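Engineer: Encoded as structure tokens, here's the structure I'll be asking about.
Read the figures in this text as sums done on the coordinates, not as results from a lab. Remember, predicted model here, so these are calculated numbers, not experimental data.
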Ligand code: ADP
Ligand code: ADP
């Protein structure tokens, strides 16, 4: 199919408690999809299902079909999937290492050894997230020296350095001030040219600013889904 993500009849459980109920969603490449809904309705569970993070919880079970970039979910091993599907969390979580090493680490995990090449990618991704000009040549200082917004952009740089197809963002701006938030929103707009993005947000204005499509979750179900402008202009 032409879709980057196809989800068909997805149900998920922790022990016998059902969380997601018959989720159906198709996501085209180079689009931003916003997930909106009250706390506890299953948005994070949905993201964590897509990158198999829930599989780390032994009580997790799912039924249904997921296809990522035309590959059936069960054929993609966890390491390959996490390379294809990056994730950015609500709270920026850089490693306690230098800015440089935060990005280089993932490249090394995926087998890159040529330090010149690693250096080039580190610089390029720092430029891609508009961080390079802010930190100049200071890429060997601790990531913890950066502001909250800069740390979040570093986490985005870390996720794109390994060339994923999809970036999942779980309330990436909710801990940030308005200026940092706008920088991330601008960045999401740019990233859409190269990646497919799903963003969980509590902020309707943010959904209208950054997303092409919006899905409303309630009690583990998608109760409405469609073009963001149409949904918000003609509710
Ligand atoms: P949201 O992201 O919309 O706030 P979540 O996906 O985090 O919602 O949570 C949906 C429901 O799943 C909640 O009731 C939550 O307590 C439950 N849940 C999430 N993770 C686990 C887990 N590892 N084990 C058991 N229940 C979980
Ligand atoms: P967030 O609010 O950032 O989505 P949560 O506090 O809901 O995170 O969840 C933090 C961790 O606890 C996650 O790994 C989640 O899967 C797990 N979790 C959430 N709810 C439950 C639950 N009811 N039982 C067991 N684990 C849970």
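Engineer: Helix-only mean residue ellipticity at 222 nm, the chain, DSSP H runs n ≥ 4 weighted -39,500 (n - 2.57), per residue, nearest 500. What is it?
Structural biologist: That calculation yields -10000 deg cm²/dmol at 222 nm.
Engineer: A follow-up question, please. Per 0.36 nm of contour for each residue apart, how much would the distance between residue 137 and residue 163 grow if the chain were fully extended, relative to their Cα-Cα spacing?
Structural biologist: Additional length available on full extension: 7.0 nm.
Engineer: Can you tell me the 0 to 90 degree angle between the C-alpha axis of helix 115-128 and the longest principal axis of the chain, rounded to 10?
Structural biologist: The angle comes out near 60 degrees.
Engineer: Moving to a separate point now. Which whole-number percentage describes the relative contact order of the chain, with Cα contacts under 8 Å and a sequence gap of 6 or more?
Structural biologist: 29 percent
Engineer: Name the residue, out of 170, 137, 78, whose mean-square fluctuation peaks in a Gaussian network model built on the chain with Cα pairs under 10 Å.
Structural biologist: Among 170, 137, 78, the largest mean-square fluctuation in the Gaussian network model of the chain belongs to 137.
Engineer: Using the eigenvalues of the Cα gyration tensor, what equivalent ellipsoid semi-axes result for the range 99-233 when each is taken as the square root of five times the eigenvalue, whole Å, largest first?
Structural biologist: Whole-Å semi-axes of the equivalent ellipsoid: 30, 17, 12.
Engineer: Related question: With the chain treated as a Gaussian network of Cα nodes joined by springs under 10 Å, which of 66, 184, 139 yields the largest mean-square fluctuation?
Structural biologist: Residue with maximal mean-square fluctuation among 66, 184, 139: 139.
Engineer: Which three numbers, in whole Å and largest first, are the semi-axes of the equivalent ellipsoid of the chain derived from its Cα gyration tensor as √(5λ)? Before the final figure, lay out the partial values.
Structural biologist: Working: eigenvalues 174, 88, 51 Å².
So the equivalent ellipsoid measures 30, 21, 16 Å along its semi-axes.
Engineer: Same structure again: With everything on Cα atoms, drop me the angle between helix 148-160 and the longest principal axis of the chain, reported from 0 to 90° to the nearest 10.
Structural biologist: It works out to around 80 degrees.
Engineer: Once the Cα atoms of helix 99-109 and of the chain are each reduced to a long axis, what angle between those two axes, in degrees from 0 to 90 to the nearest 10, is obtained?
Structural biologist: 60 degrees
Engineer: Given springs between every Cα pair under 10 Å in a Gaussian network model of the chain, which of 211, 147, 44 has the largest fluctuation?
Structural biologist: Result for the chain, Cα springs under 10 Å: 147 fluctuates most.
Engineer: Summarise the long-distance tail of P(r) for the range 1-111 by giving the % of C-alpha pairs beyond 16 Å.
Structural biologist: 66 percent
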